[in-house]
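Worksheet: the structure to be examined is printed underneath.
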Amino acid sequence: MLETVSEPGVLHKLTGVIADHAGDIRSVSIVEDEPQRTRIYFELDLPGETDALVAELQQLPVVRSASTVQSLGRIYGKRIIIMGGGAQVGQVALGAISEADRHNIRGEHISIDTIPLVGEQTLAAAVRAVRRLTRVRALVLAGSLMGGEIEQAVREVRSDGLLVISLNMAGSVPDASDLVVTDPVQAGVMAVMAVADTAKFTIERLRRRVF
């Protein structure tokens, strides 16, 4: 985690030092961007000592502070995104949070994100935007009617390897999803079970995809 001045070329200078230390950047995020300062978070694989890299970064004139922190993957772990109608999202979240708690106690790291949304274009854009989020393992679509452009968006993210679970709703989205679950609480539970390493459950082994 670095705090730097806000000016053009800062990322170029930072990544140059990281490259000199043979660091492989896995993720980078501008956490805060203000006129007087910028906070930048890097996740990287480093073959050498972390202290040497941090010390050299701190010597850059653009850097105000640099420190080593635990990765978001280690703290928050895998992410499940739930989107759709507010009431259905809340019920899916109830099942997902309860099941995630059970697995996290056993050493897993699974976090649940929710966003209530309405409208075909809004939901389609949100589904596609999931591909730009880090650590997302599954998307749950919770609503009463979804189809059209949303279906196309679902097929796109599935082609990238994202697991998509849909409630059993009207529209064409259930036909495009990996798994269709009628009960929203059960949908949340099954989403967590599908991504948890501590669960003996894989969607590929199911004989049917609608429950």
- Task: Answer yes or no as to whether VAL31 is of a type in the set (Val, Ile, Thr) and surrounded by 12 or more Cβ atoms within 10 Å (Cβ to Cβ).
- Result: no
- Message: Pairs please, first residue from the range 147-159 and without any contact (Cβ under 8 Å) to a residue 60 or more places away in the chain, second anywhere and among the polar types (S, T, N, Q), Cβ atoms under 6 Å, 6+ apart in sequence or on different chains.
- Response: GLY147/SER172; GLU151/SER172
- Task: Within the range 179-199, track down each residue that is under 18 Å from VAL89 (Cα atoms), outside any helix (DSSP H, G or I) and touching a strand residue (DSSP E or B) at 6+ places or on another chain (Cβ under 8 Å).
- Result: LEU179, VAL180, VAL181, THR182
- Query: So which pairs qualify, if the first residue must be in the range 104-120 and farther than 12 Å from GLY84 by Cβ, the second must be at pLDDT below 90 and aromatic (Phe, Trp, Tyr), the Cβ gap must be under 6 Å, and the two must be at least 6 apart or on different chains?
  - Reply: SER111/TYR76
- What pairs come up if the first residue lies in the range 48-64 and is loosely packed, with under 11 Cβ neighbours inside 10 Å and at pLDDT 95 or above, the second is of a type in the set (Gly, Ala, Ser) and assigned to a strand (DSSP E or B), and their beta carbons are under 8 Å apart, counting only those six or more places apart or on different chains? none
- Query: Quick one: which of VAL118, VAL164, VAL181, VAL173 is in the same structural domain as GLY90 (by TED's automatic domain parsing) and modelled with pLDDT of 95 or more?
  - Reply: VAL164
- From the option list ALA194, ALA153, single residue qualifying as within 17 Å of ILE112 (Cβ to Cβ), in contact with a helix residue (DSSP H, G or I) (Cβ under 6 Å, 6 or more places away or on another chain) and of a type outside the set (Asp, Glu) is ALA194
- Message: Just to be sure before I move on: is GLY23 in contact with a strand residue (DSSP E or B) (Cβ under 7 Å, 6 or more places away or on another chain), under 30 Å from ALA124 (Cβ atoms) and small (Gly, Ala, Ser) in the structure I sent?
- Response: no
- Query: For PRO184, which of the numbered conditions (1) crowded, with 16+ Cβ neighbours inside 10 Å; (2) under 18 Å from the mean Cα position of the chain (by Cα) fails to hold?
  - Reply: (2)
- Among helices (runs of 4 or more DSSP H) lying entirely in the range 104-177, which contain 1 or more residues that are surrounded by 15 or more Cβ atoms within 10 Å (Cβ to Cβ), of a type outside the set (A, V, I, L, M) and within 19 Å of the chain's Cα centre (by Cα)? 120-129, 149-159
- Do we find that GLY171 is over 26 Å from GLY73 (Cα atoms) and without any contact (Cβ under 8 Å) to a residue 24 or more places away in the chain in this structure? no
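The values are calculated or read from the model by the stated rules, or taken from the named source; none is laboratory data. The structure displayed is predicted, hence computed values, not measured ones. For neighbour counting, all protein chains shown are included, and Cβ atoms are generated from backbone atoms with ideal geometry for every residue, glycine included.
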